[in-house]
Each structure stands twice: as C-alpha cells, then as structure tokens.
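Notes follow the structure.
The values are calculated or read from the model by the stated rules, or taken from the named source; none is laboratory data. All values derive from a computational prediction rather than experimental measurement. With ideal geometry, Cβ positions are generated from the backbone for all residues, glycine too; neighbour counts draw on all protein chains shown. Side chains are part of the model used for accessible areas, which takes the heavy atoms of the whole protein and leaves out ligands, DNA and RNA. Shrake-Rupley method; radii C 1.70, N 1.55, O 1.52, S 1.80 Å.
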Amino acid sequence: MSKPTLYGISNSRAFRSLWALEEIGIDYIHIPSSHLDDAKQPEFLAINPNGRIPALTDGDLNLFEAIAINLYLARKYGEDLYALNTGEEALIWQWSFWAMSELEPLQINLANLAYFTPEEERDQSAIDVAIAALARPLGVLDGVLAGKEHLVANRFTIADLNLASVLDALNVLQVDYSQHQQVHRWATACYSRPSYERAKAIT
C-alpha cells in the first residue's frame with residue numbers, strides 16, 4: 001500500500017498539512033518542494049496545475065489546497081480528529097473555511113505591508129491599520145472560545161488544527177494577540193502539542 005506523499009516546504013502553507021500528518025501519526029513521504037522552482041516543473045503541475053504548494057498524492061488521488069488536504073487526511077486516516085456526526089462535520093468545515101475567509105486575508109495584507117515591502121518603503125501607519133483590522137475576527141473567536149477548550153465538541157479536532165495553523169502566521173509576523181485572552185489560551189494549547197513541534201522541525 002502506497003503512502004501519502006506531501007509536496008512542499010515547512011515555511012509555507014505546507015506546514016499546515018505537515019502538522020496534520022504529524023498529528024495523525026501515519027507514515028508518509030515528504031518531498032521538499034519550493035513554490036519558486038519545483039512547483040513550476042511539469043511533473044508537479046500534473047499534480048497541482050496551479051503551480052503552488054502544498055500538494056498531496058495518495059494512491060490515484062491528487063489534491064491541493066492545504067485545508068482541503070487536511071480535511072481529507074483527517075477523514076481518511078485520523079478518526080479521532082474528524083467528526084462523529086454530521087453536525088460536528090459541519091462545524092469542522094465552518095471553522096476551517098472561516099480561518100481562510102475571515103482571518104487569512106487580513107494576515108496576507110499585513111505580511112505584504114510589513115514583510116514583503118522593502119523596509120525603506122514600509123508605511124507604519126498602514127501596518128498599524130492592518131494589525132487593528134485583526135481585532136474583529138479575533139474578537140469573534142475570543143467570544144466563541146469563552147469557557148471552551150476546543151472549537152468543536154470536547155476534543156481536539158482538525159478544526160482546531162486548521163484554524164491554529166492559519167493563526168500561526170501571526171507568530172511568524174510577531175503580532176501580539178495576547179489581549180484576546182481566550183484565543184491566546186486556546187492557541188497556546190494547540191501549539192504545545194508535540195505534533196506542532198515535530199512539524200516545525202521538518203526542513
């Protein structure tokens with residue numbers, strides 16, 4: 001039986017799927033692939049015609065988009081991470097999509113302003129506005145997590161991992177969100193999982 005194969009490098013969105021694979025604990029193959037060169041080669045484009053990472057092959061299946069990969073991996077291999085009923089499944093999808101639609105666009109904007117713009121051209125006032133914009137979704141999440149250890153049911157699921165993996169960009173960008181106490185508490189617990197550290201150590 002073939003092993004799932006993940007293409008990507010850990011300092012990219014591929015980290016999200018590396019974390020999922022490490023959390024699930026199955027044997028897999030990791031092929032470090034950059035988005036600049038490797039992902040533009042014909043053999044990779046046959047897997048992901050977008051020319052982006054990550055991508056996954058599992059038997060005859062080719063799959064791209066990190067969150068989709070994670071949902072697939074959890075459903076097929078990580079029974080404890082996935083839903084026990086259709087209601088839980090809907091909530092897992094909800095929070096996974098929420099991370100992509102409500103949080104990540106704001107993080108991308110901040111990264112463009114504070115990281116990808118040459119230092120001499122950076123506009124601190126625009127950066128401050130971009131950071132302030134994060135207060136709305138983080139406030140929503142803070143309220144949802146009040147009195148809860150996890151997003152769905154009473155256990156760590158792929159919803160927690162997916163959302164925490166997106167939120168991890170704020171750690172990379174060195175944004176302090178500790179004023180959102182419930183988010184900070186929940187995220188700290190997510191990032192304390194051994195699977196997170198193992199995924200971070202992958203090169």
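Things to note:
- In Å², nearest 10: area of ARG122 left accessible to a 1.4 Å probe: 90 Å²
- In the chain, the portion of solvent-accessible area held by carbon and sulfur atoms comes to 53 percent [1.4 Å probe, whole percent, DNA, RNA and ligands not counted].
- Largest first, the three principal axis extents of the alpha carbons in the chain are 52, 45, 27 Å in whole numbers.
- Taking SER33, SER192, SER96 as the candidate residues, the one with maximal mean-square fluctuation in a Gaussian network model of the chain, Cα springs under 10 Å, is SER192.
- Residues whose amide H lies under 5 Å from that of HIS30, counting only those 5 or more places away or on a different chain, are LEU6; hydrogens are built 1.01 Å from N in the peptide plane.
- Under Karplus coefficients 6.51, -1.76 and 1.60, residue-wise ³J(HN,Hα) of the stretch 27-33 in Hz, glycine/proline x: 6, 8, 10, 10, 10, x, 9
- D_trans [Stokes-Einstein, Kirkwood Rh over alpha-carbon pairs] for the stretch 8-74, 4 °C, 1.567 mPa s, µm² s⁻¹: 109 µm²/s
- Neighbourhood charge, 13 Å Cβ-Cβ cut-off, centred on ALA111 and excluding it, Lys, Arg +1 and Asp, Glu -1: 0
- Here is the tail figure for the stretch 35-102: Cα pairs spaced more than 14 Å apart come to 64 percent of all pairs.
- Phi to ³J(HN,Hα) by Karplus 6.51 cos²θ - 1.76 cosθ + 1.60 over the stretch 110-123, Hz, x for Gly, Pro: 5, 4, 4, 6, 9, 10, 7, 7, x, 3, 6, 9, 6, 10
- Each peptide in 38-49, 53-64 gets a packing score, the mean of other Cβ atoms within 10 Å over its residues, and the list from highest to lowest is 53-64, 38-49.
- Helix-only CD estimate at 222 nm, as mean residue ellipticity for the chain, using -39500 (n - 2.57) per DSSP H run (n ≥ 4): -15000 deg cm²/dmol
- Between ASN85 and GLU43, the contour length at 0.36 nm per residue exceeds the Cα-Cα span by 11.3 nm.
- Å² per residue, accessible surface of the chain at 1.4 Å: 52 Å²
- 3J(HN,Hα) couplings calculated from phi for the stretch 156-163 with the Karplus curve 6.51 cos²θ - 1.76 cosθ + 1.60 (θ = phi - 60°) are, in sequence order, 6, 10, 5, 5, 4, 5, 4, 5 Hz; Gly and Pro show x.
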